[in-house]
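Following: one structure in structure tokens, then a few remarks.
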């Protein structure tokens with residue numbers, strides 16, 4: 001951009017408004033997807049971000065996310081295949 005546009009206070013204000021709107025929209029998008037616990041969003045954006053972090057840092061962030069209930073619940077149902085029977089007592093799966 002030329003200096004003539006950047007020197008114009010009206011143009012600078014409009015440019016700043018556009019940047020603020022874009023950043024605010026991005027933050028709202030991320031916040032809504034985290035709040036709604038969108039699994040596709042986690043798989044596409046959050047998990048790749050965690051894979052780029054140091055393991056200890058990723059672990060600390062995951063603990064904080066679980067503390068504030070930001071981790072999505074799984075839609076996978078428990079299977080009876082993993083239930084064990086030992087001496088007549090049923091032991092449910094641990095995980």
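Extension gain for the segment residue 39 to residue 90, taken as residue separation times 0.36 nm less the Cα-Cα distance, is 15.1 nm to one decimal. Computed from label points 7 Å out along Cα-Cβ, the spacing between residue 64 and residue 29 is 2.3 nm.
Report the full-extension gain for the segment residue 53 to residue 22: residue separation times 0.36 nm, less the Cα-Cα distance, to one decimal in nm. It would help to have the intermediate numbers written out before the result.
Values: separation 31, 0.36 × 31 = 11.16 nm, distance 2.58 nm.
Full extension from residue 53 to residue 22 adds 8.6 nm.
Where the convex hull is taken over the Cα atoms of segment 44-95, what is its projected area averaged over directions, in nm²? Answer in nm², one decimal: 5.7. Along its first, second and third principal axes, ordered by size, the chain spans 85, 26, 21 Å in Cα coordinates.
Throughout, read-outs are computed from the coordinates displayed, never taken from laboratory work. What you see is a predicted model, and the numbers here were worked out from it, not measured in a lab. For neighbour counting, all protein chains shown are included, and Cβ atoms are generated from backbone atoms with ideal geometry for every residue, glycine included.
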